[in-house]
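No lab work stands behind these numbers, since they all come straight from the coordinates. Worth saying up front: this structure is predicted, and the values here are computed from it rather than measured. Cβ coordinates were reconstructed from backbone atoms using ideal geometry, including for glycine residues, and neighbour counts include every protein chain displayed.
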Amino acid sequence: MEANKIIITTPLELQTLIADAVSAAIKYGSTSIFNTTPVVSISEPDLLTIKKASEFVNLAVPTIYSMVGRNEIPFMKRAKKLYFSRQELESWIRAGRKKTTAECVDEVRADLKGRNA
């Protein structure tokens, strides 16, 4: 273990040392300049239970069950348990996006141009 050292320095040298340390901390992001072991970020699992899926899509659990019964929502079933992929649920939500009025007008104009050509 390294013993504590007393360093005599000028204010300008101290300012340079601090600036270098801050630059190194910014450069290495979430890693410490004194401990080079990177910080591991814990990501949420991709497979969700029905309770977590209902929280994710902000719908009640019975609603999710009825949507599964009508095959309206992407799901997986294994050993009598339902699982939902976070990515598939995100895609499913995004697929429900409605076009704006401007997008509809542009689409109609493009269709009419195609018919007149």
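Structure data summary
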| read-out | value |
| --- | --- |
| Segment Arg109-Ile26, length gained on full extension (0.36 nm per residue, minus Cα span) | 24.9 nm |
| Volume in Å³ per residue [convex hull over Cα atoms, computed for segment 47-95] | 66 |
| Within segment 47-95: Cβ-based charge dipole about Cα centre, in debye rounded to nearest 20 (Lys, Arg +1; Asp, Glu -1) | 260 |
| Residues Ile18 and Ala95, FRET efficiency given R0 of 41 Å [Cβ-Cβ distance, rounded to 0.05] | 0.20 |
